[in-house]
Amino acid sequence: MKITLNRVNDDYHFRLKNERGHVVDVDNRSEFGGHDLGASPMELVLMGVAGCSAIDMISILKKQRQEITSFNAEVEGLRVQVDEAKPFKEIAVVFVLEGNIAVDKAARAAQLSFEKYCSVSKTLEPTATVTYKVILNGEELAK
């Protein structure tokens, strides 16, 4: 896996590209000297958690022939000061699913994603606590 980065302007706007040609813009927020022309690197980390776990869950639910009519997620991260850096200490993910999906299968798909499959959250485990909850057809599932 390889990513290339190219500077776009004289400040903090960068364009990153993967080996397949997909492009992502990154910039610093305006209050830190950027122009807010892309997501921040730390926002990309949260996006990675959301995307990775969503792919896992949908893959698992499709294999179980569950009918997903809507799938959304929100991810929030709490950062703490450690020396000069501000890594994530806590990351909370909320999945909102709709469809003809068995409660136990939705709960198990989320559990498998975070405990076994999601490489992004597994990468963050040594430094951040990642928690999740699932809301299925308007009802929060018990863990």
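Tabulated data for the structure shown
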{"quantity": "Condition check for E74: out of contact with any Phe, Trp or Tyr (no Cβ under 7 Å at 6 or more places or on another chain), surrounded by 15 or more Cβ atoms within 10 Å (Cβ to Cβ) and not in a helix (DSSP H, G or I)", "calculated": "no"}
{"quantity": "Residue selected from region 54-67 under the condition open to solvent by 50 Å² or more (accessible area, probe 1.4 Å) and not in a helix (DSSP H, G or I), by the criterion nearest to I135 (Cα to Cα)", "calculated": "E67"}
{"quantity": "Residue in region 87-103 that is crowded, with 17+ Cβ neighbours inside 10 Å, small (G, A, S) and assigned to a loop (DSSP other than H, G, I, E, B) present", "calculated": "no"}
{"quantity": "Test: residue in region 104-114 that is within 15 Å of Q66 (Cβ to Cβ), open to solvent by 20 Å² or more (accessible area, probe 1.4 Å) and of a type in the set (D, E)", "calculated": "yes"}
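For every residue, the table says whether it meets (1) modelled with pLDDT under 95; (2) part of a strand (DSSP E or B); (3) surrounded by fewer than 14 Cβ atoms within 10 Å (Cβ to Cβ).
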| position | (1), (2), (3) |
| --- | --- |
| L16 | no, yes, no |
| R20 | no, no, yes |
| E31 | yes, no, yes |
| C52 | no, no, no |
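The values are calculated or read from the model by the stated rules, or taken from the named source; none is laboratory data. Just so you know, these numbers come straight off a predicted model, no measurement behind them. Neighbour counts are summed over all protein chains in view; Cβ atoms, including those assigned to glycine, are modelled from backbone coordinates with ideal geometry. Protein only, heavy atoms only, side chains kept; ligands, DNA and RNA dropped before computing areas. Shrake-Rupley method; radii C 1.70, N 1.55, O 1.52, S 1.80 Å.
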